[in-house]
Amino acid sequence: MRSEKGKIVTVTSAKGGVGKSIFLLNLAGIYQKLGKKVLLLDLDFSGGSLAVSLNVAVSKTIYNAIDDLVHNRYLGIEEYISSYSDLIDVVSCPKDPRQATKIEIRYLDTFLERASFAYDIILVDTTHGFSKNNIVIYDNSDMIVYVMSNDLLDLKNSKNFMSIMKDIEMDHLRVILNHSLVPNENYFSNFDIRTMIQWNIDYTLPTDYYIKNITGYLLEGMIPSLDQKTWDRKYQKDKKQLIKMATDFIGEDDYSGEENVD
Ligand SMILES: Nc1ncnc2c1ncn2[C@@H]1O[C@H](COP(=O)(O)OP(=O)(O)O)[C@@H](O)[C@H]1O
Ligand SMILES: [Mg+2]
């Protein structure tokens, strides 16, 4: 067991389909390149996709983990994970969405506390939008990574999201503007967006991160950033920036291990 606790980074959004889960998978790939041990925790209770995207078999899920904690029969995180690689494990969302409604979310902090001794980073995926569950998840996160698209409806949603975040003083937040969902459809400038949402944009994912055959990757359980060809073509020129972003999320932005990443 590690002595230092891992960081909990939650990826969220106001709108669905803005590229959260794909971004989270790519981020996991970057952490693997940095030699970090990562747990992907799928708390998208409306139909999480991580285990399917990674093509791993699932037996127990977060529902079983929390149920076992509640009933005092939790043995250890190893019981609930599917392993993707030496450094990446996944805890899946419930297979049956009805189970999701029965999860006693107040036990999430106990689950995270225990898991954080076994991983450097716990990357949490969420259902989009404000909900009781999400507020508990945000409360338990070291960093909230908010993904938004360049889309009128999302800008409106994001403005509301940011104003609530200000109200509840959740400022451990980074805003990611995703330009890579649809190539060449960027109607608003960063200045327009900043003005509309009244929040800073911390990082932008450029149009050229768009992956034409993304479904092919998902069908094969391949993380794009871990595919050497895609890494060389799409990401490597921004290597420093990507590593800065990934390390910033875990509070290590003075990290200087980039020369190990190729
Ligand atoms: N980098 C990308 N390149 C190409 N298509 C993308 C990319 N990111 C997301 N998409 C497309 O958008 C869809 C939604 O992305 P996803 O990450 O599942 O969004 P969310 O988790 O926010 O609902 C994906 O199924 C894919 O078709
Ligand atoms: Mg998703």
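The values are calculated or read from the model by the stated rules, or taken from the named source; none is laboratory data. Because the structure is predicted, anything quoted here is derived from the model rather than measured. Because the Cβ atoms are built from the backbone with ideal geometry, glycine has one as well, and the counts that use them run over all protein chains shown. Heads up: the accessible areas ignore ligands, DNA and RNA and are worked out on the full protein's heavy atoms, side chains in. Shrake-Rupley method; radii C 1.70, N 1.55, O 1.52, S 1.80 Å.
The residue that is nearest to ligand 2 (Cβ to nearest atom), among those in the range 1-60 that are hydroxyl-bearing (Ser, Thr, Tyr) and touching a strand residue (DSSP E or B) at 6+ places or on another chain (Cβ under 9 Å), is Ser21. Scanning the range 132-160 for residues that are within 16 Å of ligand 2 (Cβ to nearest atom) and touching a helix residue (DSSP H, G or I) at 6+ places or on another chain (Cβ under 8 Å) gives Asn133, Ile137, Ile144, Val145, Tyr146, Val147, Met148. Consider Leu69 carefully, then state whether it is among the aliphatic types (A, V, I, L, M) and under 30 Å from Ile214 (Cβ atoms). Criteria not met by Leu69.
Hey, does the range 62-85 have a residue that's basic (Lys, Arg) and not in a loop (DSSP other than H, G, I, E, B)?
Kept after step one, since they are basic (Lys, Arg), are these residues of the range 62-85: 73.
If we keep only those that are not in a loop (DSSP other than H, G, I, E, B) too, we end up with none.
Looking through the range 62-85, none of the residues is basic (Lys, Arg) and not in a loop (DSSP other than H, G, I, E, B).
Mind listing whichever residues of the range 53-72 are among the β-branched types (Val, Ile, Thr) and either closer than 29 Å to Ser225 by Cβ or open to solvent by 10 Å² or more (accessible area, probe 1.4 Å) (or both)? Step through it out loud before you land on a result.
Taking the range 53-72 as the starting set, the residues that turn out to be among the β-branched types (Val, Ile, Thr) are 56, 58, 61-62, 66, 70.
Selection gives Val56, Val58, Thr61, Ile62, Val70.
Output yes when any residue across the range 17-24 is among the hydrophobic types (A, V, I, L, M, F, W, C), within 18 Å of Ile176 (Cβ to Cβ), more than 16 Å from ligand 1 (Cβ to nearest atom) and in contact with a helix residue (DSSP H, G or I) (Cβ under 7 Å, 6 or more places away or on another chain), and no when none is. Looking through the range 17-24, none of the residues is among the hydrophobic types (A, V, I, L, M, F, W, C), within 18 Å of Ile176 (Cβ to Cβ), more than 16 Å from ligand 1 (Cβ to nearest atom) and in contact with a helix residue (DSSP H, G or I) (Cβ under 7 Å, 6 or more places away or on another chain). Sort out which residues of the range 88-108 are in contact with a Gly (Cβ under 8 Å, 6 or more places away or on another chain) and open to solvent by 50 Å² or more (accessible area, probe 1.4 Å), and write them in order of number. Within the range 88-108, just Pro97 meets the criteria.
From Val136, Val145, which residue is within 24 Å of Ser92 (Cα to Cα), within 12 Å of ligand 1 (Cβ to nearest atom) and not in a loop (DSSP other than H, G, I, E, B)?
Details: Val136 fails: within 12 Å of ligand 1 (Cβ to nearest atom).
Step by step, each of Val136, Val145 is checked, and only Val145 is within 24 Å of Ser92 (Cα to Cα), within 12 Å of ligand 1 (Cβ to nearest atom) and not in a loop (DSSP other than H, G, I, E, B).
Within the group Phe130, Phe111, Phe161, Phe117, which residue is out of contact with any Gly (no Cβ under 8 Å at 6 or more places or on another chain), of a type in the set (Phe, Trp, Tyr) and closer than 21 Å to Glu4 by Cα? Outline the logic, then answer.
Numbers: Phe130 fails: closer than 21 Å to Glu4 by Cα; Phe161 fails: closer than 21 Å to Glu4 by Cα; Phe117 fails: out of contact with any Gly (no Cβ under 8 Å at 6 or more places or on another chain).
Only one candidate qualifies: Phe111.
Please determine whether any residue of the range 31-46 is over 26 Å from Ala246 (Cβ atoms) and among the hydroxyl-bearing types (Ser, Thr, Tyr). Checked against the condition, which is being over 26 Å from Ala246 (Cβ atoms) and among the hydroxyl-bearing types (Ser, Thr, Tyr), the range 31-46 yields at least one hit. In the range 22-47, of all residues being within 20 Å of Ile105 (Cβ to Cβ) and open to solvent by 10 Å² or more (accessible area, probe 1.4 Å), the one that is modelled with the lowest pLDDT corresponds to Gly47.
For residues that are touching a residue at least 24 places away in the same chain (Cβ under 8 Å) and open to solvent by 50 Å² or more (accessible area, probe 1.4 Å), scanning just the range 4-14, find the one that is nearest to Leu218 (Cα to Cα). Write out each step before concluding.
Let us first name the residues in the range 4-14 that are touching a residue at least 24 places away in the same chain (Cβ under 8 Å), namely 5-14.
Narrowing the set further to residues that are open to solvent by 50 Å² or more (accessible area, probe 1.4 Å) leaves 5, 7.
On the way: Lys5: 31, Lys7: 26 Å.
Only one residue fits best here, namely Lys7.
The residue of the range 96-131 that is nearest to ligand 2 (Cβ to nearest atom), among those that are in a loop (DSSP other than H, G, I, E, B) and among the hydroxyl-bearing types (Ser, Thr, Tyr), is Thr127.
Could you say whether any residue in the range 55-76 is within 16 Å of ligand 1 (Cβ to nearest atom) and farther than 23 Å from Phe249 by Cα?
Restricting attention to the range 55-76, the residues satisfying the condition of being within 16 Å of ligand 1 (Cβ to nearest atom) are 55.
Narrowing the set further to residues that are farther than 23 Å from Phe249 by Cα leaves 55.
Yes, that holds for at least one residue.
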